1. Scan the stretch 60-117 residue by residue and report those that are among the hydroxyl-bearing types (Ser, Thr, Tyr), touching a residue at least 24 places away in the same chain (Cβ under 8 Å) and surrounded by fewer than 17 Cβ atoms within 10 Å (Cβ to Cβ).
2. Those residues that are among the charged types (D, E, K, R) and either farther than 23 Å from Ser396 by Cβ or open to solvent by less than 20 Å² (accessible area, probe 1.4 Å) (or both), I need them from the stretch 332-381; list them, please.
3. Given the criteria of a type in the set (S, T, N, Q) and in a strand (DSSP E or B), does Ser197 qualify?
4. Would you mind telling me which numbered condition in (1) among the small types (Gly, Ala, Ser); (2) farther than 19 Å from Leu254 by Cα; (3) in a strand (DSSP E or B) Gly161 fails?
5. If you go through the stretch 208-250 one residue at a time, how many are of a type in the set (Asp, Glu) and over 30 Å from Trp289 (Cα atoms)?
6. If you take the residues of the stretch 244-297 that are basic (Lys, Arg) and assigned to a strand (DSSP E or B), which of them is surrounded by the fewest Cβ atoms within 10 Å (Cβ to Cβ)?
7. Considering only the stretch 82-89, I want to know if a residue exists there that is modelled with pLDDT of 95 or more, among the hydrophobic types (A, V, I, L, M, F, W, C) and within 22 Å of Arg357 (Cα to Cα).
8. How many residues does the stretch 118-149 hold that are open to solvent by 20 Å² or more (accessible area, probe 1.4 Å), of a type in the set (S, T, N, Q) and in a strand (DSSP E or B)?
Amino acid sequence: MNRNIKCLSAALLAIGLTAGFNPASAQTNGSNSPYSRYGLGLLSDGAQGFNKGMAGVGYAMRAGKDLNVKNPASYSALDSLNFIFDTGISLQNANLKQGGTKVNAHNTSLDYFSMGFRIAPHVGFSLGLMPYSTIGYDTTNEYVMPDNRDVTQTDNYKGDGGLHQVYIGAGWQVLPNFSIGANVGYLWGDMTHTVLSQFSQSTIASSRRQYTTDIRTYKVDFGVQYEYRLGRRNSLLFGLTYGLGHDIDSKSLLYNQKVESGSALGDTLVAHKAYALPQTLGAGVTWQWSNSLRVGFDYTFQKWTDVRSPVLSTLADGTYRYAAEKGQYDDMHRYALGVEYVGDPDALRWWRLVRYRFGVAYTTPYARIDGRKGPKDYLVSLGASLPIINRYNNRSLLNLAVQYEHVKPGMPGMITERYLRLCVGLSFNERWFQKWKVQ
């Protein structure tokens, strides 16, 4: 009991130290996509170091050496002697193209911070900090006004913020081949979108609309895993997860202003209970052969059609209405396939311990662009897990992954995005609880 209390205290202290990390700042650095303007922004896939190279596959993955947040039932597989500390960053180059215009941008982001250990026989525990969504863009459109060809209007769109979650979770092996688990999290973040319209004639006043939201809410996810043995060396593992959907009791403010002579005058409109989290269902299956080969497939469904979002509309008398409405999103579907191979997990030679990974994924959009479906997302990833060898420990790992992501719009004239991303993760797997005998 004392060792569990000490371990939990150390974990909570580490989480407290990371509170100094500014999520809004990191999220801005992590995105340059104009598509983060819509909905809650660009959604995180929840991947960590061990499955970044497998396109995020994880619902039916479990191993004592990995900390798998995607399915909390996997915590029950954590080794009773070990304490796992896992963190990762990403460095990416973004190429945005629209017509003949191309823009390159470089970004870095802190991806996740998590830790886990066993607190009782067949019961594992985890806590950490994970991103949920990212907002970051700054674009400008310029065009000639149709009713006055002598006037040019310039619109600047700028957004910043996103959502993060801190969670605690536990997994319990109820039966020899069956485990359950849950993650309970606190979700928070600020979202700001600004549209500034300026005109080439100084006699025309500029206009500014700023949408701001401060979100504070809970997030709950459940998971189950079941292993079916096909023989001495083969097994199938099945995983299911369910995330609660609910309305968020946060309001969105719209500042609708005219800017003249350096001063801004206008109205403030309020949309109550402006956002919500979708119900999320995840299902996965993994085939494992002799602890050397893992092949997994994941499917994720998010029910965004039932989610409300603030909408600005003009009434018959010319006044504005700002209120949350359904029907602004489409349901999201994600399909991912991942493979991991290691020559010999019990080998003495270092190169035989290296784990090689590959993954592909396809995601349909949840956000609509001016009433039309948003861009589809294609991802290919390659990765490797390199053991960190020292005198006392060969279980800690350096996880490397390279991802190529193509964001392809369905309508001509929209922005096409390509990303080349390097993901670096460190998984410290230390034998803190091993008992030593003195003879």
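1. Ser80, Thr108
2. Scanning the stretch 332-381 gives Arg334, Glu340, Arg357, Arg368, Asp370, Arg372, Lys373, Lys376, Asp377.
3. Judged against the criteria, Ser197 is a match.
4. So the condition that Gly161 fails would be (2).
5. Adding up the residues that qualify gives 3.
6. So, considering only residues that are basic (Lys, Arg) and assigned to a strand (DSSP E or B), the one surrounded by the fewest Cβ atoms within 10 Å (Cβ to Cβ) is Lys258.
7. no
8. Matching residues across the stretch 118-149 total 4.
The values are calculated or read from the model by the stated rules, or taken from the named source; none is laboratory data. Quick caveat: nothing in here was measured; it's all calculated off a predicted structure. Here Cβ is always computed from backbone atoms with ideal geometry, including for glycine, and neighbour counts include all displayed protein chains. Protein only, heavy atoms only, side chains kept; ligands, DNA and RNA dropped before computing areas. Shrake-Rupley method; radii C 1.70, N 1.55, O 1.52, S 1.80 Å.
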